[in-house]
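The values are calculated or read from the model by the stated rules, or taken from the named source; none is laboratory data. Source: prediction; values computed, not measured. FYI the Cβ positions are ideal-geometry reconstructions off the backbone, even for glycines, and counts take in every protein chain you see. Side chains included, ligands, DNA and RNA excluded: accessible areas come from the protein's heavy atoms. Shrake-Rupley method; radii C 1.70, N 1.55, O 1.52, S 1.80 Å.
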Amino acid sequence: QVQLVESGGGLVQPGGSLRLSCAASGSIGSINVMGWYRQAPGKQRELVASITDDSTMTYTDSVKGRFTISSDNAKNTVSLQMNSLKPEDTDVYYCYARVRPIYYFIYRDYWGQGTQVTVSS
């Protein structure tokens, strides 16, 4: 089994910063993508940012220039530094990883439990 554990959500004022972190553990053979999605009630989960094992990064347009994704391949961790936060960034943020478990030949998608980010004055 593979587990993703997130930390770092909370309440912040507009213009403030938060850092989300996620650690993958368990029977991990390799990881080729890690990232963050977010979801508001009644809406589809959307990609915020992702990073591949060769450090190719992708951001949704609304966070470009404000959020920075980083990873540590050796530790199987991914972080999201969120600056200049806006009320519209309020959502539940989910860590994501595409993992090939040990003894398997294909990659599978895994999700964290979600962490609430609230931007409000």
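Annotation: amide H-H contacts under 5 Å for T90 (H modelled 1.01 Å from N, sequence separation of 5 or more, or interchain): V119. Exposure check, 1.4 Å probe, all protein chains in place: D61 carries approximately 120 Å² of accessible surface. First measure r as the distance between the Cβ atoms of S27 and S55, then evaluate 1/(1 + (r/R0)^6) with R0 = 25 Å and state the FRET efficiency to the nearest 0.05. Taking R0 as 25 Å, the efficiency between S27 and S55 is 0.55. What are the lysines whose alpha-carbon lies under 16 Å from the alpha-carbon of K64, with same-chain residues fewer than 8 places away excluded? Cross-link targets: K86. In this label model, S84 and T118 are separated by 2.6 nm, measuring between points 7 Å along each Cα→Cβ vector. Computed extension gain for Y103 through D72, at 0.36 nm per residue and net of the alpha carbon distance, reaches 8.9 nm.
Note on Y107: accessible area is roughly 90 Å² with a 1.4 Å probe, heavy atoms of protein only. Karplus-derived 3J(HN,Hα) values for region 79-85, using 6.51 cos²θ - 1.76 cosθ + 1.60 with θ = phi - 60°, are 10, 10, 8, 10, 10, 6, 5 Hz; glycine and proline are entered as x.
Per atom type, the chain shows carbon and sulfur on 49% of its accessible surface, probed at 1.4 Å.
A Gaussian network model of the chain, with springs between Cα atoms under 10 Å, assigns the largest mean-square fluctuation among Q44, Q13, Q81 to Q44.
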